[in-house]
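Below is one structure, written out as structure tokens; the observations come after it.
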Amino acid sequence: VTHVTAVLERDDELRPVSVDRQVVAAAEALAHLLGADTLRLRVPPGPSSDRAGAVLEALAEEEVAGSAMSARGPEPICWDVITQIATPVIVVPRNSNQVMRGVSHVLLPMDGTQATAAGVADMAQRALDAGATVVGVHVFDTGNIPAFWDQAAYSHQEWTREFARRHLPEAVELDLRSGRPAEEVLAHAEQDGVDLIIIGWGQDLSVGRAATVRHALTHGHTPVVLVPIGVEDLSQP
Amino acid sequence: VTQPLTRATPDLPAPGAGSRGAGELLGRTVGAVVFDWDGTAVPTRRASARGVRTRLERLSALGIHTAVVSGTHLGNIDGQLRARPPGPGRLLLGLNRGSELFEVTAAGPTLLGRRDETPDVTQQLDSAAAAVSSRLRAAGLHVEVVSSRLNRRKIDLIPEPGWADPPKARIGELVAAVTQRLGRAGFASVGEVAALATAVAVQGGLADARVTSDAKHIEIGVTDKSDSMRSIRGHLDRLGVSGELVLVVGDEFGELGGLPGSDALLVVPENRGSIAVSVGVEPLGVPQGVRHVGGGPATFRALLDEQLHRSTRLRVPEICDDPRWTIVERGVDAARHRVTESLFTVSSGGVGFRGSVEEAPGFGHPLLVAAGVYSGPGVTDGLLHGPDVVDLQLRPPVTEDVRTLDLRTGVLHRAEVSNDGDPVRSVRFASIVEPGVLAMRIEASTGRIHTHPTNGSDEWAAVTSPSGGGLGALAHQDSRRSARVRSVQRIIAVDGSPTGPPRVATARRTLARAKGTGFERLLAGQRSTWAGRWEGVDVRIPEDPETELGLRFALFHLWGLSLKGSELAVGARALTGSGYSGHVFWDADVFVLPALCTIDPPAARAVVDYRLNRLAAARDRARAEGREGSRFPWESAVDGRDVTPEAGYVGGEQVPILTGTLEEHITADVAWAVVHQAIWTRPGARLTKNESLLLRDTARYWASRITTDPDGSAHIRGVIGPDEYHERVDDNAFTNAMARWNLRTAAHHAPVQEAERAAWSALAEALADGYDATSGLYEQFQGYFDLQPLLVREIAEPPVAADVLAGREVIAGSQLIKQPDALMIHHLLPDDAVPGSLRHNLDFYAPRTAHGSSLSPAVMALLHARAGQPDTALNLLRLSLRIDLDDLGGTTSAGVHIGACGGAWQAVVTGFLGARVSRGWLHLDPILPSQWPDLEVRFRCLDRDVRVRVSDSQMVVNASAPLTVTLSPDCRYQTSTSTQVRFVPGGMP
């Protein structure tokens, strides 16, 4: 039996919604997708590095299929944990005031790499199997803009069809946008009432990296499942 | 992928044991066998050659070519062999040690070439032979000059009765005896005598003396077997049989008495990749690269039997793997597979077979389509998808393979990378001997291939469209099993019709012919016909093989459009995919047709016929819009009505598509294409009646479309030019220039009354083209210069879909353009552009060009070349050539961008070579990039095959018929020709 661990830090009673309730609900949602049970892990007070170390040690157990935590609070440990953990983690963003009520509308931000596609494929399929609507979003920016867009109907049709076949599970539609990926992903999530974002990432929060993850956790309202992608996978184009 | 010899010498049949059941010696199927005679094919001159004769004749019937190389003369070889091959496989005889080449047909031998012995050579050879003999005799050695042969003299080193005619099986004893004899005279080896002979011959004036030895003789000559091999190589080139497909068999490759064996001369650099096998004794071993199997003539016959056996077992033949001619894909990459399906499409007779792997995995998109056969007349109806003719199953599936498209022969080959001794291998080609026929074979270990059709019967499958068109395929499958391998062969005849159901009777006739010809002969014809294509149309850039290969890839897919006697609807992805719904754009008229004029004029004619056959629809549209004449649709399909979609997406932004209503230059583009085709392909350039009517109707359209202001100026308002970033613009320079050309040309050539001519001429002169004499620039449209002066590098590195990146509104408000627009005047109508204005306009517009259209880089390459910037042009040409090979736009899975292919070829012919045609004369003005010291371009022009080779300061032009070539006044090349080409300096007439 595997389980998803709800990592509970000091609750912020001043907030309209209990952080604990949010994290537990997120853990249950992830556990539902993974076919796992849930467990609660209360983190005792202390320096954040100590707390993160203890949590990582606890989450390293073999039966831990995933975890849930919050980006809220004065010193959340999620930033330390998400960069080191080997299993999917669902993070309740700092600005979230909602408690998850299941997963019905999922957003998959896709950067166009095979690594990301491979990283989230399983989780996306689980969401589909659970009856959720899953939509991929790809944001064109200077780093990934297509060289050619010959004609509005056919180029869109051909480009999206091929992108979807390469990067998305069947039954996942693709939304194309242009601009800053971090902002456009959140905009889509807010506009379409998405209740879960699944992001494959390289667990690198250094400057210039993981802007979408950073932005989603600090400015978004929608819980985010972060799926670590191995170094070997990241080397794929 | 080559396979090593599967058996080493100990497993070979013993000499004289016969070849039946000898099994696989090579493990591969070749296209030609070149072999030595004495000791290789026959043990002695007196032996029966019946076994060789019957095998050669059977190989000939299969289309496998053979060639004998021997030092002796025709009487000896033909008298002993007496083969009368039925063809199509050719039998060549390279005789008299390189001095004569014969071809033997069912009617007997015919001399193809001879190097005659001149009196000087006679004297020099006699003198040399006499001098060497004299030196040897002086040393106490009795020798004889035993015979005089064409271009050589033989000195018998051991004129003793016991060694009068030694069999090759005794070669070791012979060498020992001769060496011993020479040693008594103070010579260490035959090689030392050969060195003496060479020195004497050179001293006597034979600078290129060829001194050889068979151990018994020293021969002094001016030719040797390498000359035979080169002559044969030349013939094999013309038959499309490259070195990798040639088996060379001899018995004397190894050193003999200090000299290379005589058959070592058969291994020439020109025959790169050939397989050399020695069946001789080879007492001192064989040179590196030669496989020694021994066994003498019996093994030679076994090698021939293996080829015959592989044919009857339907084994997969080899292809050329020359990197200058092949597109190679390694590994099974699900993400790239659909791209390679497009790249590896093979087409003939207007039918395209996508390059899907045989087992059609779920990530593939197999497709059979036919030009002009649509699933319906509507906007969303694309090319009709024909039945799946390749589908079969492989269990277990292939996990790694190498697929190779041999551009030289139009054959697609596949080989599984596996430790299994019998990997999956397959080959297929769209026959150009029987257009519309696909021939394929696949082999794998027994039990792995699972097929649906029944062996031996013909199975028909068809798809019809609701609008009445249809596409059907009649497939015949054969299968053979050997001990470990099962081979499956299918020959498939396709019939398609844009307006009616597919005709099984037609397909049956085609299939019957193809089956009667047989796979091997279809393949032989495929090789030779493709070789003929490349002989006439090709590019050779020795210092830039990547660009050369890219251009050959472009030519290959343009050749795929080859079609005679029918109209040709060239969709934006040709026959390589379902992209763009197979709709016909201006790509067909302006990018593909000019290329086809230089490649395959009948296909260019067929493109024109497609438009001519839809002139009535164009008239209907003009009438419906309250105009005169004919207006051609921006997107055209089965019936000539406009099938442009009304909405689409730029990135993720939904947008209305206005090109169907506003991109009107297509009407003049069609007229331009009709006239261009006449100018390039017909001496005299006369238009047919229907072509003249099209020219008249398109001019009438413009006359009714153009508005004249009170000041007398004429305008075309509310259009879209080639730069589709800016919509609903007034007086688009290109549209106006094309309309003006249309009116002017029609005024000269269309069948109308004088008053109408005069009106057209007046209107043409009143039409603004946006040229500003002060700035020297063409303004792309009214108000363009007032837009935000944005340069493309301010937003991204080109090529870039700027509208997707920055948004349509931003781009529409800027001077960024999708592709050349005003500059297209300089491309299509160079004589109408203000003289000297290209460079200045290029300097202005190039930094504003995003290349957001795949058509853009090639045209800009052409223009930069014409503007004297060949290095910039080369970079753009390379970009254009990588569009599909590297899937730069992410849409090659939907098919190859055939317009970019045509544009790239035009960039070479019109751009770098500066080729134009006017009044029946070809004009040339080459300019080469610094990375190309040499360029050779072969193309069709004015019903002639033309070859232009440019290197250093020289330009050599040859043509298949008398041709006048004009040169620029400042032409920097010295010209020469060996044919009836007349050079006229001073520019175009």
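Let me make sure I get this right: for segment B:261-332, a, b and c are the square roots of the gyration tensor eigenvalues over alpha carbons, sorted descending. Under 1.5 in a/c it's rounded, otherwise prolate if a/b > b/c, else oblate. Which is it? Please report the intermediate quantities before stating the final value.
On the way: a/c = 2.67, a/b = 1.35, b/c = 1.98.
Here segment B:261-332 falls in the oblate category.
Output the relative contact order of segment B:92-186, whole-number percent, from Cα pairs under 8 angstrom with separation of 6+ residues. Intermediate values should be presented prior to the final figure.
On the way: 97 pairs, mean separation 17.9, N = 95.
RCO, segment B:92-186: 19 percent.
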- Message: Compute the distance from the alpha-carbon center of segment A:156-221 to that of segment B:567-612, in whole Å.
- Response: 40
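Looking at chain B, identify the longest residue range that excludes and avoids all GluC sites (Glu not before Pro) in DSSP loops having at most 14 other Cβ atoms within 10 Å. Intermediate results must be reported in sequence, preceding the final value.
Numbers: sites that count: B:Glu400, B:Glu543, B:Glu625, B:Glu646.
Segment B:1-399 is the longest.
Only loop residues by DSSP count here, and only those with at most 10 other Cβ atoms within 10 Å; note down the trypsin sites (Lys or Arg not before Pro) in segment B:387-422 that meet that. Working shown, then result.
Details: sites: B:Arg403, B:Arg408, B:Arg414; in loops: B:Arg408.
Qualifying residues, ordered by number: none.
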- Task: Report, by chain and number, residues whose modeled amide H sits under 5 Å from the one on A:Val137, excluding near sequence neighbours (fewer than 5 apart, same chain).
- Result: A:Leu108, A:Met110, A:Asp175
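Stretched out fully, how many nm does the piece from B:Asn419 to B:His748 gain, at 0.36 nm a residue minus the Cα gap? Write down the numbers at each step before the final one.
Details: separation 329, 0.36 × 329 = 118.44 nm, distance 7.06 nm.
Separation in residues times 0.36 nm, less the Cα-Cα distance, equals 111.4 nm.
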- Whose amide H sits under 5 Å from the amide H of B:Leu112, counting only residues 5 or more places off or on another chain, with H placed in the peptide plane? B:Leu101, B:Phe102, B:Glu103
- Message: Please report the spacing between the Cα centers of segment B:469-485 and segment B:182-257 in Å, no decimals.
- Response: 48
- chain B: relative contact order as a whole-number percent, Cα under 8 Å and 6+ apart: 8
- Could you give me the ³J(HN,Hα) list for segment B:41-57, computed from phi with Karplus coefficients 6.51, -1.76, 1.60 and θ = phi - 60°, whole Hz, x at Gly and Pro? 7, 9, x, 8, 5, 9, 6, 6, 10, 4, x, 5, 4, 5, 5, 5, 5
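Run the dipole for chain B about the Cα centre, Lys and Arg Cβ at +1, Asp and Glu Cβ at -1, nothing else charged, and hand back the magnitude in debye, nearest 20.
Details: 104 positive and 114 negative charges, 810 e Å.
That gives chain B a dipole magnitude of about 3880 debye.
When the accessible area of segment A:1-116 is split by element with a 1.4 Å probe, what percent falls to carbon and sulfur?
Numbers: 2600 of 5360 Å².
Carbon-and-sulfur percentage of accessible area, whole number: 49.
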- If each part is reduced to its alpha-carbon centroid, segment B:387-409 and segment B:314-331 end up apart, in Å, by 12
- Evaluate the distance, in nm, between pseudo-label points positioned 7 Å from the Cα of B:Ser960 and of A:Ala58 along their respective Cα→Cβ axes. 8.4
- Query: For A:Gly179, what charge total do you get from the other residues with a beta carbon under 13 Å from its beta carbon, if Lys and Arg give +1 and Asp and Glu give -1?
  - Reply: -3
- Note on the structure: Output for segment A:1-63: GluC sites (Glu not before Pro) sitting in coil per DSSP, at most 14 other Cβ within 10 Å, listed by number, reads A:Glu13, A:Glu61, A:Glu62, A:Glu63
- Query: What's the FRET efficiency of B:Thr118 with B:Glu543 using the Cβ-Cβ distance as r and R₀ = 30 Å, to the nearest 0.05?
  - Reply: 0.20
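Quick one: accessible area per residue over segment B:171-314, 1.4 Å probe, rounded to a whole number of Å²?
Values: 4650 Å² over 144 residues.
About 32 Å² of surface per residue is accessible.
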- What's the longest piece of chain A with no exposed trypsin sites (Lys or Arg not before Pro), counting a site as exposed if DSSP puts it in a loop and it has at most 13 other beta carbons within 10 Å? A:102-208
- When DSSP beta bridges are limited to those with both residues in segment A:90-201, what percentage is antiparallel, rounded to the nearest 5? 0
- Item | Interface residues in segment B:290-339 - accessible area drops by 30 Å² or more relative to the isolated chain, probe 1.4 Å | B:Ala335, B:Arg338
- Task: Choose one of B:Val267, B:Gly296, B:Leu284: the residue whose Cα lies farthest towards the positive end of the charge dipole of segment B:261-330 (beta-carbon charges +1 Lys, Arg; -1 Asp, Glu; about the Cα centre).
- Result: B:Gly296
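If a/c stays under 1.5 just call it rounded; otherwise compare a/b with b/c (prolate if a/b is bigger, oblate if not). Do that for segment B:656-765, with a ≥ b ≥ c from the square roots of the Cα gyration tensor eigenvalues.
Numbers: a/c = 2.41, a/b = 1.35, b/c = 1.79.
Note, shape of segment B:656-765 comes out oblate.
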- So for segment B:97-161, using the alpha carbon gyration tensor with a ≥ b ≥ c as root eigenvalues (a/c under 1.5 gives rounded; past that, a/b versus b/c decides prolate or oblate), I'd call it oblate
- Query: What are the residues whose amide H is under 5 Å from the amide H of B:Arg149, where those residues sit 5 or more places off or on another chain and H is modelled from the backbone?
  - Reply: B:Lys154
- How much accessible area does A:Thr83 have with a 1.4 Å probe, in Å² rounded to the nearest 10? 40
- Note on the structure: Simple spin-label estimate for B:Gln782/A:Asp129, 7 Å along Cα→Cβ, in nm, reads 6.5
- Please figure out what share of the DSSP beta bridges in chain B is antiparallel and state it in percent, rounded to the nearest 5. 75
- Task: Give the angle, between 0 and 90 degrees and rounded to the nearest 10, that separates the Cα long axis of helix B:601-612 from the longest principal axis of the Cα atoms of chain B.
- Result: 20
- Item | Lys pairs under 28 Å by Cα in the protein assembly as shown, provided they are eight or more residues apart or on distinct chains | 8
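Quick one: of the DSSP bridges fully inside the protein assembly as shown, what percent are antiparallel, nearest 5? Can you show the working numbers first?
Details: 119 of 186 bridges.
Here the antiparallel bridges make up roughly 65 percent for the protein assembly as shown.
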- Provide the solvent-accessible area of A:Trp159, counting protein heavy atoms only and rolling a 1.4 Å probe, rounded to the nearest 10 Å². 30
- Net charge over other residues, Cβ less than 12 angstrom from the Cβ of B:Ala617 (K, R count +1; D, E count -1): +3
- Query: What percentage of the solvent-accessible surface of chain B, computed with a 1.4 Å probe over protein heavy atoms, is contributed by carbon and sulfur atoms?
  - Reply: 50
- Item | Label-point gap, in nm, between B:Asp831 and B:Asn690 - each point 7 angstrom along Cα→Cβ | 2.6
- Find out how many positive minus negative residues lie around B:Ser467, taking Lys and Arg as positive, Asp and Glu as negative, among other residues whose Cβ is under 10 Å from that of B:Ser467. -2
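Helix-derived [θ] at 222 nm for chain B: sum -39500 (n - 2.57) over DSSP H runs of at least 4, divide by residue count, nearest 500? Numbers along the way, then the final one.
Numbers: 26 runs with 313 residues, N = 989.
So the helix-based figure for chain B works out to -10000 deg cm²/dmol.
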- Query: Per residue of B:581-593, how many C-beta atoms from partner chains lie within 10 Å of its own C-beta, taken as a mean?
  - Reply: 1
- Task: Taking chain B as the reference, fit the longest principal axis to its C-alpha atoms, fit the long axis of helix B:519-536 to the helix C-alpha atoms, and give the angle between the two in degrees, 0 to 90, nearest 10.
- Result: 70
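Chain pair B, A: how much accessible area is buried, both chains summed, with a 1.4 Å probe, in Å² to 100? Before the final figure, lay out each step's value.
On the way: alone 35180 and 11870 Å², together 44260 Å².
About 2800 Å² of accessible surface is lost on pairing.
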- Computed from the beta carbon distance with a Förster radius of 22 Å, FRET efficiency for A:Asp141 and A:Ala118 to the nearest 0.05 stands at 0.50
- Item | B:Ala616-B:Asp709 FRET efficiency (beta carbon distance; Förster radius 51 Å; 0.05 resolution) | 0.95
- Task: List the residues of segment B:191-215 whose backbone N lies under 15 Å from a point placed 7 Å from the Cα of B:Ala47 along the Cα-to-Cβ direction.
- Result: none
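So which trypsin sites (Lys or Arg not before Pro) in segment B:708-761 end up in coil per DSSP with only 14 or fewer other C-beta atoms within 10 Å?
Numbers: sites: B:Arg717, B:Arg728, B:Arg740, B:Arg744, B:Arg757; in loops: B:Arg717, B:Arg728.
Here the trypsin sites (Lys or Arg not before Pro) that fit, given the DSSP loop and packing criteria, are B:Arg717, B:Arg728.
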- Query: Per residue in segment A:108-150, which ones lose no less than 30 Å² of accessible surface when going from chain alone to all protein chains (1.4 Å probe)?
  - Reply: A:Gln114, A:Thr142, A:Ile145, A:Ala147, A:Phe148, A:Trp149, A:Asp150
- Inter-chain Cβ neighbour average for residues B:650-658, partner chain, 10 Å: 6
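The values are calculated or read from the model by the stated rules, or taken from the named source; none is laboratory data. Just so we're clear, the structure is a prediction, and the values are computed from it rather than from any experiment. Positions of Cβ are generated from backbone atoms using ideal geometry, with glycine treated the same way; all protein chains shown enter the neighbour counts. These accessible areas exclude ligands, DNA and RNA; they are computed on the full protein's heavy atoms, side chains included. Shrake-Rupley method; radii C 1.70, N 1.55, O 1.52, S 1.80 Å.
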